[in-house]
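A.B. asks: Right, I'll just put the structure down here and ask away after.
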Amino acid sequence: MEQQLRKMNYRDALNEGLREALQKDERVFLMGEDVGRYGGCFAVSKGLLDEFGPERIRDTPLSESAFTGAGIGAALGGMRPIVEIMTVNFSLLALDQIMNNAATYLHMSGGLFNVPLVIRMATGGGKQLAAQHSHSLEGWYAHIPGIKVLCPATLEDARGMLWSALLDPDPVLIFEPAVLYPMEGELSADAGPVAIDQAKLLREGKDLTLISYGSCLHKCLEAASILAEEGIETDVIDLRTLRPLDDESFLASVAKTHRALIVDEGWRSGSLAAEVSARIMEQAFYQLDAPVERICTAEVPMPYAKHMEEAALPQVSSIVATARRMIDG
Amino acid sequence: MTTMTSKPGQALVNREQSLHFLRQMLRIRRFEEKSAELYSAMKIRGFLHLYIGEEAVAVGVTEALGSDDAVVATYREHGHAMSRGMSMAAIMAEMYGKIDGCCRGRGGSMHLFDVEHRLYGGNAIVAGGLPVAVGLALADQMQNKKSVTCCCFGEGAMAEGEFHEAMNLAALWQLPVLFVCENNFYAMGTALQLSESVVDLTSKAAAYAVPTATVDGMDVIAVAEAAEKASDTVRETGGPFFLECRTYRFRPHSMFDPGLYRSRQEVEGWKQRCPIISLIRRLKDKGWIDDPGLERLEGEIATEIDSAVDFAEQSEWESVEDLTRFVYSDAGAN
Ligand SMILES: Cc1ncc(C[n+]2csc(CCOP(=O)(O)OP(=O)(O)O)c2C)c(N)n1
């Protein structure tokens with residue numbers, strides 16, 4: 001049967017996911033800075049205020065800590081809040097609530113109180129927004145037991161992860177790479193909720209495993225096409241869920257390709273890439289034909305100038321060059 | 001110092017209620033004295049913050065709450081937990097770190113939680129509970145429930161940004177939160193006038209157009225009356241209220257406090273105003289209690305404490321195999 005495909009961008013897919021959640025469950029509401037009248041600082045929630053009204057699409061004051069904490073309280077009180085924080089850098093003002101409350105209540109209370117809260121925020125560089133709007137701190141959040149961390153890189157996930165996150169009894173953070181908002185693509189008419197506990201193999205090859213997530217995933221896919229023209233066939237894995245990590249996915253791939261390159265927009269030291277690398281070393285050391293390698297963002301606060309920002313971020317050219325070197329030895 | 005905005009307690013409550021206040025305050029006092037002893041005996045570890053001296057606040061405020069109302073408290077919350085109706089046994093076992101503690105020993109003294117009494121924790125981050133209380137009230141408002149969320153915190157919390165953010169949001173959205181500031185004049189060793197440019201605390205809430213009152217927190221009847229009025233206002237308006245209770249902790253901040261920052265005379269002066277002693281005096285004046293009656297009460301409380309300690313002693317330790325439970329609701333997710 002012919003699947004009906006619709007053209008849209010990543011932002012539209014997120015908007016559809018939100019709309020569906022708000023329609024399906026009246027306990028769901030969205031709150032955050034400028035989510036209503038402004039339509040969302042990245043226009044993700046555009047149109048929702050008209051459809052669902054100011055009770056459920058709540059503009060908040062500039063109080064990341066208060067409205068994130070209010071999301072926790074509302075979740076404890078029987079609602080299903082979605083908190084939008086404009087960008088990950090601003091989420092640091094709410095870190096107390098996320099880390100000390102959302103992530104701990106279930107455990108501190110010995111299982112009495114779970115917090116079914118979803119927090120969405122933009123992440124990452126590539127838009128020349130400099131050192132206070134461009135960082136990729138999702139790897140930090142993935143350090144924290146008690147929360148789950150998702151990063152949709154595809155339209156399907158942008159559309160489908162939200163509902164699955166809302167069904168989860170525990171706090172889920174969804175990171176939306178800001179450069180992906182205008183990304184065009186196609187989504188099937190019957191697209192729906194997706195699993196949030198599995199990585200996904202997006203391209204198959206036998207020579208090398210590229211492991212990534214978020215905006216770098218697309219750089220890996222581009223690099224994989226270039227490498228294929230040279231006869232190098234790569235597996236490309238989208239981690240999708242950064243906590244808990246789906247070890248099986250990349251271990252199975254490494255067992256086949258015997259080489260792994262991890263591409264992560266976080267800084268290298270103490271990064272998610274470091275974690276994935278360590279897990280491969282711990283669990284698949286004897287499968288490896290070459291050391292695991294990583295491409296991460298240069299360890300500087302993000303510079304403004306375009307050429308400098310490009311130099312700081314992982315790029316297709318460096319992925320291709322590193323892959324070649326790993327294969328050729 | 002500004003003057004009290006509510007009058008001293010009229011003692012117009014009846015005998016039964018006054019005796020109930022006395023019992024509740026004495027239960028907290030004796031329970032905590034025992035806890036301090038057990039701390040020295042190394043049965044209780046970690047941080048232990050005693051409420052001794054401040055009992056009238058939790059007891060008086062709780063009187064204004066119903067079973068559907070929620071409470072968010074701080075690490076100094078034994079008194080709130082007990083006033084709300086949690087058993088001494090569950091609290092003691094929690095402080096022992098035993099499996100029969102209210103939180104299976106995962107929380108300890110600073111993190112008492114209870115579903116039945118809607119106690120959403122002792123929170124050990126100063127001001128960290130305020131935004132959560134605002135959210136609980138938001139959930140109630142959105143679901144058309146008529147409950148009040150009572151949020152207790154020390155005056156030290158009012159220097160934190162979270163206090164101001166929470167106050168603004170509660171006022172902006174007119175959420176039913178009863179904010180109770182337990183002003184004991186010190187945040188650890190820092191006196192109020194060394195941490196606040198404006199020491200009139202009600203003016204900070206008033207700046208957000210939140211109605212306020214100040215009450216003598218050493219007078220349980222005055223607290224109960226003020227809290228009743230405050231919670232009535234919250235129920236009538238659906239919006240927040242800020243109640244300052246002026247009180248004093250007789251003990252160190254925690255068990256690790258050398259107490260260098262305040263004079264012995266000052267502490268002694270406040271002890272003269274002990275909420276329990278002054279209530280007993282008033283009850284005796286009325287002829288509502290006598291020494292034998294008091295002795296009986298003490299005896300009953302001692303028995304309750306003994307059995308709580310026994311319970312904690314007998315309770316098991318949780319199996320270490322369960323270490324990573326309760327990180328996620330689905331045990332396999334970690
Ligand atoms: C955010 C934060 N900063 C510092 C501390 C350390 N600390 C614990 S209690 C306390 C004093 C708080 O005083 P107050 O709010 O007046 O409450 P009280 O202890 O007097 O009841 C401090 C500084 C903390 N727990 N949390």
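The values are calculated or read from the model by the stated rules, or taken from the named source; none is laboratory data. Please read all numbers here as calculations on a predicted model, not as lab measurements. As a convention, Cβ positions derive from the backbone with ideal geometry for all residues, glycine included, and neighbour counts pool all protein chains shown.
A.B. asks: Scan region B:116-138 residue by residue and report those that are assigned to a helix (DSSP H, G or I), away from the ligand (no atom under 16 Å from the Cβ) and over 13 Å from B:Ala171 (Cα atoms).
C.D. replies: Result: B:Leu136, single match.
A.B. asks: Looking at region B:182-206 only, could you name the residues that are more than 8 Å from the ligand (Cβ to nearest atom), in contact with a helix residue (DSSP H, G or I) (Cβ under 8 Å, 6 or more places away or on another chain) and charged (D, E, K, R)?
C.D. replies: Across region B:182-206, the qualifying residues are B:Glu196, B:Lys204.
A.B. asks: If the Cβ limit is 8 Å and pairs must be 6+ apart or interchain, which residue in region B:178-196 that is more than 14 Å from chain A (Cβ to nearest Cβ) pairs with which residue that is of a type in the set (Ser, Thr, Tyr) and within 11 Å of the ligand (Cβ to nearest atom)?
C.D. replies: So the pair list comes out as B:Glu182/B:Thr247; B:Asn183/B:Thr247; B:Asn184/B:Thr247; B:Asn184/B:Tyr248; B:Phe185/B:Tyr248; B:Ala187/B:Ser195; B:Leu192/B:Tyr186.
A.B. asks: Identify the residue in region B:166-181 that is assigned to a strand (DSSP E or B) and either touching a Lys or Arg at 6+ places or on another chain (Cβ under 8 Å) or more than 9 Å from the ligand (Cβ to nearest atom) (or both) and, among all such residues, is nearest to B:Ser231 (Cα to Cα).
C.D. replies: Per the stated criteria, the residue is B:Leu178.
A.B. asks: Then there is this: Which of the residues belonging to region A:93-109 are under 22 Å from A:Ala122 (Cβ atoms), part of a helix (DSSP H, G or I) and in contact (Cβ under 8 Å) with a residue 24 or more places away in the chain?
C.D. replies: A:Leu93, A:Ala94, A:Asp96, A:Gln97, A:Ile98, A:Met99, A:Ala102
A.B. asks: Take the conditions within 21 Å of A:Pro177 (Cα to Cα), within 14 Å of chain B (Cβ to nearest Cβ) and not acidic (Asp, Glu) and apply them to A:Ile82. Does it pass?
C.D. replies: Yes: the conditions hold for A:Ile82.
Residue-by-condition table, conditions (1) in the same structural domain as A:Gly125 (by TED's automatic domain parsing); (2) surrounded by fewer than 21 Cβ atoms within 10 Å (Cβ to Cβ); (3) farther than 29 Å from B:Tyr75 by Cα; (4) of a type outside the set (S, T, N, Q):
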residue	(1), (2), (3), (4)
A:Gln23	yes, yes, yes, no
A:Gly39	yes, yes, yes, yes
A:Glu51	yes, yes, yes, yes
A:Ala70	yes, no, no, yes
A:Ile82	yes, no, no, yes
A:Ile98	yes, no, no, yes
A:Met108	yes, no, no, yes
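A.B. asks: Related question: I'm trying to understand the selection: among the residues of region B:83-112, which are of a type in the set (Gly, Ala, Ser) and assigned to a loop (DSSP other than H, G, I, E, B)?
C.D. replies: If the condition is that a residue be of a type in the set (Gly, Ala, Ser) and assigned to a loop (DSSP other than H, G, I, E, B), then B:Gly85, B:Ser87, B:Gly97, B:Gly101, B:Gly105, B:Gly107, B:Gly108, B:Ser109 are the ones that fit.
A.B. asks: Name the residues in region B:32-74 that are buried (at least 22 other Cβ atoms within 10 Å of the Cβ), of a type in the set (Ser, Thr, Tyr) and over 15 Å from B:Cys245 (Cβ atoms), would you?
C.D. replies: B:Ser35 - this is the single residue of region B:32-74 that is buried (at least 22 other Cβ atoms within 10 Å of the Cβ), of a type in the set (Ser, Thr, Tyr) and over 15 Å from B:Cys245 (Cβ atoms).
A.B. asks: Out of all the residues in region A:294-329, which are outside any helix (DSSP H, G or I) and surrounded by 14 or more Cβ atoms within 10 Å (Cβ to Cβ)?
C.D. replies: Correct list: A:Arg294, A:Ile295, A:Cys296, A:Thr297, A:Ala298, A:Met302, A:Pro303, A:Leu313, A:Pro314, A:Gln315.
A.B. asks: Go through region B:60-82 and give me each residue that's away from chain A (no Cβ under 14 Å), within 16 Å of the ligand (Cβ to nearest atom) and either part of a loop (DSSP other than H, G, I, E, B) or within 28 Å of B:Glu313 (Cβ to Cβ) (or both).
C.D. replies: Result: B:Arg76, B:His78, B:Gly79, B:His80.
A.B. asks: Hey, B:Thr233 hits all of (1) in a loop (DSSP other than H, G, I, E, B); (2) of a type in the set (Val, Ile, Thr); (3) under 23 Å from B:Ala70 (Cβ atoms) but one; which does it fall short on?
C.D. replies: (1)
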